[in-house]
Amino acid sequence: MVTEATRKSLLKVRLMDFLTSTAILPLLFGCVGVFSLFKLLQRMRTNAYLRNAVVVITECARVFYTAGAKLVLCGRNREALEELTEELAASLATKVQTHRPYTVTFDLADPGAIVTATAEILQRFGHVDVLLNNAGISYRGAIVDTATDVDKKVMETNYFGPVALTKALLPSMIKRRQGHIVVISSIQGKISIPFRSAYAASKHATQAFFDCLRAEMEQYEIAVTVISPGYIHTNLSLNAVTADGSTYGVMDKTTAQGRSPVEVARDVLAAVGKKKKDVILADLLPSLAIYLRTLAPGLFFSLMASRARKERKSKNS
């Protein structure tokens, strides 16, 4: 009589014999080899796409620099841009030829300055291959306490600024029938959490605008990529504005525990190189929340109301 233990032992032996048979091993090694080749080709395609490309950018500069892109660093602070330029130029040599970044100083909230900056960039390089919109400001506060001017400030920086810069560069891309528009949105462009109303609204608007742009630019073969990260360990919460317009000045726990900016920048580089249309760079729970908002909105709203009560209680304690 064959016992249960003996039966299991025989099954294990047969399974090992099957896996180590001359037919299976080559198949397994072949699959591993094909996958490795696929990943290698993807990296090569990304590098080839960005090498010598003119990239107008505000953040993620280092990874694009080491990829061989011709960077145009944009921002309001001239000294900070020059410091970053020197830092990149002094960095260790890479496997590809690098180019000294070019800097353009302007305020995204100033439409006239955007037009002037765009003209300067096009005069210098003749064209722009990739525009990466990543300037942004965060917000913390209750809707009932927030001045409308604060809502406008957040919207001006996070939405109208990138839209204006994109519109300024679009005609030259359309003329060449070539270009890539990238915008760094947020997971809060897909779901909203309490006490982040101005920020979430600006990111929802961003998502909608660039989704429309993607459809309209398809006929000109211009790619549009929207990237939605979750929490990143940066100074975003420290520099956030509050209901009265003052600086928040606190490193939130969720931000402090967020992903490394370097890691996120590499993911952004990969997404741009693959010309992905919509990318979510968030942990499991925020990603699931997107589907929960669509499939079970009642439950999602209850969870957000509970979160609001907990945050309100925590602030009042």
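Quick one: how many residues across the range 46-94 are in contact with a Phe, Trp or Tyr (Cβ under 6 Å, 6 or more places away or on another chain), at pLDDT 90 or above and in a helix (DSSP H, G or I)?
Result for the range 46-94: 0.
For every residue, the table says whether it meets (1) among the charged types (D, E, K, R); (2) crowded, with 18+ Cβ neighbours inside 10 Å; (3) in contact (Cβ under 8 Å) with a residue 40 or more places away in the chain; (4) closer than 30 Å to Arg309 by Cα.
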residue: Val56; (1), (2), (3), (4): no, yes, yes, no
residue: Arg78; (1), (2), (3), (4): yes, no, no, no
residue: Thr85; (1), (2), (3), (4): no, yes, no, no
residue: Val115; (1), (2), (3), (4): no, no, yes, no
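Considering only residues that are touching a strand residue (DSSP E or B) at 6+ places or on another chain (Cβ under 7 Å) and among the β-branched types (Val, Ile, Thr), which ones fall in the range 158-190? Can you show your working first?
Here is the first cut: in the range 158-190, the ones touching a strand residue (DSSP E or B) at 6+ places or on another chain (Cβ under 7 Å) are 162, 165-166, 169, 180-187, 189-190.
Within the range 158-190, Thr166, Ile181, Val182, Val183, Ile184, Ile187 qualify.
Scan the range 191-226 for residues that are touching a strand residue (DSSP E or B) at 6+ places or on another chain (Cβ under 8 Å), part of a loop (DSSP other than H, G, I, E, B) and either open to solvent by 50 Å² or more (accessible area, probe 1.4 Å) or under 21 Å from Leu169 (Cβ atoms) (or both) and jot them down.
If the condition is that a residue be touching a strand residue (DSSP E or B) at 6+ places or on another chain (Cβ under 8 Å), part of a loop (DSSP other than H, G, I, E, B) and either open to solvent by 50 Å² or more (accessible area, probe 1.4 Å) or under 21 Å from Leu169 (Cβ atoms) (or both), then Ile222 is the only one that fits.
Scanning for something more than 29 Å from Ala69 (Cβ to Cβ) and part of a helix (DSSP H, G or I), does the range 262-283 turn up at least one residue?
No, the range 262-283 contains no residue that is more than 29 Å from Ala69 (Cβ to Cβ) and part of a helix (DSSP H, G or I).
For the range 277-308, what are the residues that are in contact (Cβ under 8 Å) with a residue 40 or more places away in the chain and open to solvent by 90 Å² or more (accessible area, probe 1.4 Å)?
Result: Lys277, Asp283, Arg293.
Have a look at His127, His99 and point out the one that is under 23 Å from Arg51 (Cα atoms), part of a loop (DSSP other than H, G, I, E, B), open to solvent by 20 Å² or more (accessible area, probe 1.4 Å) and in contact (Cβ under 8 Å) with a residue 60 or more places away in the chain.
Details: His99 fails: in contact (Cβ under 8 Å) with a residue 60 or more places away in the chain.
Going through His127, His99 in turn, the sole match is His127.
Only one of these conditions is not met by Glu311: (1) open to solvent by 50 Å² or more (accessible area, probe 1.4 Å); (2) more than 21 Å from Gln207 (Cα to Cα). Which number is it?
(1)
The values are calculated or read from the model by the stated rules, or taken from the named source; none is laboratory data. Since this is a predicted model, take the numbers as computed values, not measurements. Methodologically, a virtual Cβ is constructed for each residue, glycine included, from the backbone with ideal geometry; neighbour enumeration extends over all protein chains shown. Quick note on the areas: whole protein, heavy atoms, side chains included, nothing else; ligands and nucleic acids left out. Shrake-Rupley method; radii C 1.70, N 1.55, O 1.52, S 1.80 Å.
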